[in-house]
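What follows is a set of notes on a single structure, which appears directly below.
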């Protein structure tokens, strides 16, 4: 949990950069984590599966209590960090949804975009060279046109020329945003996730 920046992770683990880098290499080789490259900023570390992220965020640090049958600390930590955990899982699933859904475009490596000031949930290029940028919104409100404007502004600041915008939303979209759906804007809701399990 947290921002996943390498220097933050090393600091929380109380290890030097040299020791941290060796540990990261070992964890990457074993398939536990992946490294997300960032432009002009620290790389991000991310567990490859939600289970591993859950284990190291909620179980491992509180293992003694869990072992002894006391789950009060785990429950308290979950209550404080549930939305963060679910949002990240939703974002990762949204990336897979985009990969599977844009059948006319062969999506290459799909990731997030990070630089010193900007974070974009979904960022990828197609084999034909098109740039796809998007966001994943796990909220209880319909996503409005302002989210598209926000993505466009982030792209402008990061000098990204997006060909296609994608927005994945738990609760759907405003009518104004839905009216803009087309070749340049793809909108997905929870019902679209069925394609990942069929």
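The numbers here are math on the coordinates, done by the rules we state, and not lab data. Keep in mind it's a predicted model, so treat the numbers as computed, not measured. All Cβ positions, even for glycine, are placed from backbone atoms using ideal geometry, and neighbour counts span all protein chains on display.
Looking only at region 162-179, filter to residues that are in contact with a helix residue (DSSP H, G or I) (Cβ under 7 Å, 6 or more places away or on another chain) and assigned to a loop (DSSP other than H, G, I, E, B); which one of those is nearest to residue 99 (Cα to Cα)?
Start the filter on region 162-179 by keeping residues that are in contact with a helix residue (DSSP H, G or I) (Cβ under 7 Å, 6 or more places away or on another chain), which leaves 162, 165-168, 170, 174, 176-177.
Checking the rest, the ones that are also assigned to a loop (DSSP other than H, G, I, E, B) come to 162, 170, 174.
Working: 162: 16, 170: 18, 174: 24 Å.
Only one residue fits best here, namely 162.
In the set 165, 193, 173, which member is crowded, with 16+ Cβ neighbours inside 10 Å, over 30 Å from residue 6 (Cβ atoms) and within 17 Å of the chain's Cα centre (by Cα)?
Of 165, 193, 173, the one residue that is crowded, with 16+ Cβ neighbours inside 10 Å, over 30 Å from residue 6 (Cβ atoms) and within 17 Å of the chain's Cα centre (by Cα) is 193.
Looking at region 32-51, can you tell me whether even one residue there is within 30 Å of residue 169 (Cβ to Cβ) and in a helix (DSSP H, G or I)?
Scanning region 32-51, I find at least one residue that is within 30 Å of residue 169 (Cβ to Cβ) and in a helix (DSSP H, G or I), so the answer is yes.
With the structure loaded, tell me whether residue 50 is without any contact (Cβ under 8 Å) to a residue 24 or more places away in the chain, within 30 Å of residue 21 (Cβ to Cβ) and surrounded by fewer than 17 Cβ atoms within 10 Å (Cβ to Cβ) or whether it fails that test.
No; evaluated as a whole, the condition is false for this residue.
Please enumerate the residues belonging to region 1-22 that are surrounded by fewer than 16 Cβ atoms within 10 Å (Cβ to Cβ) and part of a helix (DSSP H, G or I).
7, 8, 11, 12, 13, 17, 18, 19, 21, 22
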